[in-house]
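Input: a single structure, listed below in structure tokens.
The values are calculated or read from the model by the stated rules, or taken from the named source; none is laboratory data. Here the structure is a predicted model, which is why all the values come from computation and not from measurement. Please note: Cβ atoms are built from the backbone with ideal geometry, for glycine as well, and neighbour counts cover all protein chains shown. Surface accessibility is based on the protein's heavy atoms, side chains included, excluding ligands, DNA and RNA. Shrake-Rupley method; radii C 1.70, N 1.55, O 1.52, S 1.80 Å.
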Amino acid sequence: MIVGHLLRGGLNRWIVLSLAVILAIGIAVPAANLFLPAAHPLHVPTYIVALFGKYLCYALLALSLDLVWGYVGILSLGHGAFFALGGYAMGMYLMRQIGARGVYGDPVLPDFMVFLNWKELPWFWYGFDQFWFAALMVMVVPGLLAFVFGWFAFRSRVTGVYLSIITQAMTYALMLAFFRNNMGFGGNNGLTDFKDILGFSVQAGSTRGALFFASALALALGVLFVAALGASRYGKLMVAVRDAEARTRFIGYRPEYVKLFAFVASAVMAGIAGALYVPQVGIINPGEFAPANSIEIVVWTAVGGRGTIIGPIIGAILVNAGKSWLTGFAPEFWLFALGGLFVAVTLFLPKGIVGTAMDGWGGFRRLRAARHEEAGQSDAAAGPQPEAAQ
């Protein structure tokens with residue numbers, strides 16, 4: 001039913017095509033890694049599977065920002081916090097799975113707690129030995145933080161640059177808190193040395209392939225959710241809040257509730273992206289809370305085109321692929337390249353890659369329709385042609 005609704009309209013057909021491409025990649029890349037021999041020209045190395053799996057998680061993260069920035073007009077500079085919280089929730093589950101195989105051999109306490117001379121497991125670690133509980137916390141913790149933060153911020157009618165600043169302050173405060181050893185999250189080193197997930201080794205090729213497919217599936221579901229929400233009546237209300245909040249309030253709606261819903265849903269998506277990211281990269285530390293990471297997410301979304309659904313995905317993949325390439329031989333120039341890219345996009349592609357392409361395609365179709373209309377009017381003005389003389 002949802003897919004049928006999305007098929008109506010030109011742009012929505014492109015979204016459905018994008019869903020098919022994402023799922024095809026999610027199946028083809030692990031299959032090429034697992035079933036093709038290393039000498040085969042189409043074989044995908046294991047490190048590429050992990051690298052592109054990370055890109056898919058970043059794409060879902062950029063899509064989550066697009067939901068609030070592109071549709072509601074909230075420029076969040078703190079989405080890295082939701083991503084990191086989801087990652088920490090998954091990391092806590094993975095740490096509990098190590099058990100007695102850790103360096104110190106303690107069946108209950110993670111290695112960093114033994115090293116810091118902790119005597120018992122903190123209460124907030126209870127339940128993380130169960131996958132279902134960890135999966136629930138991946139969504140509940142970022143969503144709850146977003147709800148509490150948004151409840152006070154939106155009801156106080158904090159908007160614009162002021163809202164962006166306090167979101168950045170939120171993620172910076174969390175970064176400082178998680179750096180402390182007495183917080184119980186591994187301090188500066190974070191959580192690492194993972195062994196198993198659901199009983200399967202995280203280093204096994206089949207597990208990496210499954211995580212890659214799970215990332216692609218989560219991204220496809222995220223695209224479907226945002227597209228369906230944007231095409232619904234509630235999505236139109238979100239756009240109305242973005243473009244004319246005062247008028248929307250005047251006709252009887254509560255813009256703060258619309259913003260709150262979008263902010264919480266976006267935070268949950270970011271948390272899921274973080275949870276899928278951690279087992280593929282093998283570590284989560286307080287550096288993920290860094291405000292610079294949240295600013296990078298904004299760059300990804302701006303490069304691809306906010307409010308276009310597919311644009312942030314393309315932007316995240318392209319920018320991170322460029323980062324992997326450039327930092328391989330000239331890491332000191334990456335920040336300059338990132339800043340230059342953001343300035344160039346702001347000046348020359350204010351609607352991003354996909355937004356500019358959509359405008360160009362729409363202009364071409366309008367021009368072609370106008371020419372057809374002019375040709376039809378010329379034929380009508382000429383009238384019926386006289387029959388040729390016998």
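Rounded to 0.05, the FRET efficiency of the Ala369 and Leu217 pair, given R0 = 56 Å and the Cβ-Cβ distance, is 0.90. In the chain, Cα pairs under 8 Å separated by at least six residues give a relative contact order of 29 percent. Axis angle, to the nearest 10 degrees, between helix 255-281 and the longest C-alpha principal axis of the chain: 60 degrees. By a 1.4 Å probe calculation restricted to protein chains, Arg242 has an accessible surface near 90 Å², given to the nearest 10. Between helix 334-348 and the chain there is an angle of about 20 degrees, using the helix long axis and the longest principal axis of the Cα atoms. Relative to the longest principal axis of the Cα atoms of the chain, helix 160-178 runs at roughly 20 degrees.
Across the stretch 182-231, Cα-Cα distances exceeding 17 Å account for 60% of all pairs. Using a simple spin-label model with pseudo-atoms 7 Å out from Cα toward Cβ, Ser206 and Ala169 lie 5.2 nm apart. The mean accessible area for residues of the chain, using a 1.4 Å probe and ignoring ligands and nucleic acids, is 51 Å² per residue.
For Thr248, the solvent-accessible surface with a 1.4 Å probe is about 10 Å², rounded to the nearest 10.
Could you pull out the pairs from Lys119/Lys323; Lys54/Lys119; Lys119/Lys195; Lys236/Lys323 whose alpha carbons sit more than 31 Å apart here?
Pairs exceeding 31 Å: Lys119/Lys323; Lys54/Lys119; Lys236/Lys323.
Full extension of the chain between Ala292 and Leu136 gives 53.4 nm of extra length, using 0.36 nm per residue less the Cα-Cα distance. Can you show me the helix-derived [θ] at 222 nm for the chain, built from DSSP H runs with n ≥ 4 at -39,500 (n - 2.57) apiece and divided by the number of residues, rounded to the nearest 500. Calculated from helices alone, the mean residue ellipticity at 222 nm is -23500 deg cm²/dmol.
Projecting the Cα atoms of Ala100, Ala134, Leu144 onto the charge dipole of the stretch 16-172 (Cβ charges, centred on the Cα centre) puts Leu144 farthest toward the positive pole. Across Gly235, Gly315, Gly80, mean-square fluctuation computed from a Gaussian network of the chain (C-alpha pairs under 10 Å connected) peaks at Gly235. Is the C-alpha gyration tensor of the stretch 10-291 telling us rounded, prolate or oblate? Criteria: a/c under 1.5 is rounded; beyond that, a/b larger than b/c is prolate, otherwise oblate. Verdict is oblate for the stretch 10-291.
Rounded to the nearest 20, the Cβ-based charge dipole of the stretch 10-291 about its Cα centre (Lys and Arg +1, Asp and Glu -1) stands at 820 debye. Here Leu116 and Asp359 are evaluated by their C-beta separation; at R0 = 45 Å the FRET efficiency comes out at 0.20. Comparing Trp300, Ala267, Ile27 along the charge dipole axis of the chain, the residue lying farthest to the positive side is Ala267, per the Cβ-charge model.
Here the stretch 80-123 and the stretch 210-225 have alpha carbon centers that stand 27 Å from each other. For Ala275, neighbours were defined as the other residues whose beta-carbon sits under 14 Å from its Cβ, and their charges (Lys and Arg +1, Asp and Glu -1) total 0. Would you work out if the stretch 255-374 is rounded, prolate or oblate? Take a ≥ b ≥ c from the square roots of the eigenvalues of the alpha-carbon gyration tensor; rounded if a/c is under 1.5, else prolate when a/b is larger than b/c, oblate otherwise. Judged from the Cα gyration tensor, the stretch 255-374 comes out oblate (a/c at least 1.5, b/c at or above a/b). Each other residue within a Cβ distance under 15 Å of Gly187 adds +1 if Lys or Arg and -1 if Asp or Glu, for a net charge of -2. Assign one of three labels to the stretch 3-111, namely rounded, prolate or oblate, based on the Cα gyration tensor with a ≥ b ≥ c the square roots of its eigenvalues; rounded applies when a/c is under 1.5, prolate when it is not and a/b is larger than b/c, and oblate otherwise. Oblate.
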